[in-house]
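Working notes, beginning with the structure itself.
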Amino acid sequence: MMEALQDVRVTAAPIRIATREGIRIADSEKITVNLGYVDLGHVDLLVSEGAYANRSDFIRTAVRNQIERHADITRQSVARKAVEMGLRHFGRAELEAAKAAGTLLDIRVLGLAVIAADVSPDLARSTIASVEVLGSLQASPAVKRALADRLR
């Protein structure tokens, strides 16, 4: 018998937090998770018993456990594909230096890749050959449009 699924809302955009200094991007992103009612009930039971602070805490813990369980696959893939892990920031100065050197960048990041707000669509297009991000890419809408044909 197939179990019904419970839909959980999601936003694909990074969370923005207001601070005294202005707006900053949070270090997490909301995603959609569809769980069966029985699985969701188990999660809620563990939360109500105090094993986890809330549903998100449970899900983050489960995800981290699976990432650790498959760490060897990640290490092999990162070595094979020459992927940078973590946060990688691409600023205007770096892209201008690449342009001056006649170098095209192949961006491969596992984590968060940020193309700075002061990078113009023309500069991005003239210096970035390809973009592959396993995680999240943060760039202005104009830069994302300029690189649309180069996103994998």
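Only the coordinates and a few stated rules stand behind these numbers; no lab work does. Every value quoted in this text rests on a predicted model; they were computed, and no experiment measured them. Cβ coordinates were reconstructed from backbone atoms using ideal geometry, including for glycine residues, and neighbour counts include every protein chain displayed.
Taking the Cα centre of segment 33-76 as origin and assigning +1 to Lys and Arg Cβ atoms and -1 to Asp and Glu Cβ atoms, the resulting dipole is close to 200 debye. Only the Cβ atoms of Lys and Arg (+1) and of Asp and Glu (-1) were treated as charged; on that basis the dipole of segment 58-99 about its Cα centre amounts to roughly 100 debye. Computed extension length for ASP57-ASN34: 6.7 nm, one decimal, from 0.36 nm per residue of separation with the Cα-Cα distance subtracted. Of all DSSP beta bridges located in segment 77-135, what percent are antiparallel, nearest 5? Antiparallel bridges: around 0 percent, rounded to the nearest 5.
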